[in-house]
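The values are calculated or read from the model by the stated rules, or taken from the named source; none is laboratory data. Since the structure is predicted, the reported quantities are computational estimates derived from the model, not experimental observations. We place every Cβ from the backbone using ideal geometry, glycine too, and count neighbours over all the protein chains shown. In case anyone asks, the SASA skips ligands and DNA or RNA and just uses the protein heavy atoms, side chains included. Shrake-Rupley method; radii C 1.70, N 1.55, O 1.52, S 1.80 Å.
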Amino acid sequence: MEVKSIHHIGIAVEDLGKALEFFSGLLGLKVEKTVVVEEHSMRAAWLKAGPVWLELMEPLGPEGPVARFLAKRGEGIHHVAITVEDIRASCEELRKSGVELVYEEPKVALDGSLYNFVHPKSAHGVLIELRQEAGG
């Protein structure tokens, strides 16, 4: 499997507005877009930090992966996303090596990219997002 780059770092936050006061206000990072991801019951703001994106994620309610993460661990880094050339081949290679993936098949993101996650049990406690850009 070949990793092309780190695409983004997902950060779970309790209050997106307060988080943006720091990341955008104090650090000066520009909010490029804000999206609601109903499937994961969250709202996210995307900020560019050089070649890497930051995804600030706020739960929409008490359910969903971000809400569960916050309840268990509090605010902080939720996942690291890496870009791969062929997500299906990457997933298959990882499975053959005994790596546990979160989804059986890659999912389609709002921007058309494909994604899957390597379970933290298989990645030394880190949730890794595999991402293939749309059209890739």
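Can you give the accessible area of ARG43 in Å² (nearest 10), computed on protein heavy atoms with a 1.4 Å probe?
So the heavy atoms of ARG43 present about 80 Å² to solvent.
Compare TYR115, TYR103 by solvent-accessible area with a 1.4 Å probe and give them largest first, with all protein chains kept in place.
The ranking, largest first, comes out as TYR103, TYR115.
Sort VAL35, VAL118, VAL126 by heavy-atom solvent-accessible area, probe 1.4 angstrom, most to least. Please list the in-between numbers first.
On the way: VAL35 35, VAL118 10, VAL126 60 Å².
Listed by decreasing accessible area, they come as VAL126, VAL35, VAL118.
Enter the accessible area of GLU58 (Å², nearest 10), with the probe set to 1.4 Å and all protein chains included.
About 30 Å², rounded to the nearest 10.
Select from ALA81, ALA89, ALA45 the residue whose mean-square fluctuation is largest in a Gaussian network model of the chain (Cα-Cα springs shorter than 10 Å).
Among ALA81, ALA89, ALA45, the largest GNM mean-square fluctuation belongs to ALA89.
Of the accessible area of segment 91-131, with the probe set at 1.4 angstrom, what percent is carbon plus sulfur?
Looking at segment 91-131 in its full context, I get 53 percent from C and S.
May I ask which residue of PRO65, CYS91, ALA109 lies farthest towards the positive end of the charge dipole of segment 61-136, with charges of +1 (Lys, Arg) and -1 (Asp, Glu) on Cβ and the Cα centre as origin?
PRO65
Ignoring ligands, DNA and RNA, what percent of the accessible area of segment 14-80 is carbon or sulfur (1.4 Å)?
Here it works out to 56 percent.
Which one, (i) 36, 33, 29; (ii) 44, 30, 26; (iii) 49, 35, 27, gives Cα extents along the principal axes in Å as derived from the coordinates shown?
(ii)
Taking only protein heavy atoms and a 1.4 Å probe, what accessible area per residue, in Å², does the chain have with all protein chains in place?
Solvent-accessible surface per residue comes out at 56 Å².
Nearest 5 percent is fine: what portion of the DSSP beta bridges confined to the chain is antiparallel?
Around 75 percent of the beta bridges assigned by DSSP in the chain are antiparallel ones.
Need one value: the accessible area of VAL31 in square angstrom, 1.4 angstrom probe, rounded to the nearest 10.
Its accessible surface works out to 50 Å², give or take rounding.
Need one word for segment 1-78: rounded, prolate or oblate. Basis is the Cα gyration tensor (sqrt eigenvalues a ≥ b ≥ c); a/c below 1.5 gives rounded, then a/b vs b/c decides.
Cα axes put segment 1-78 in the oblate bin.
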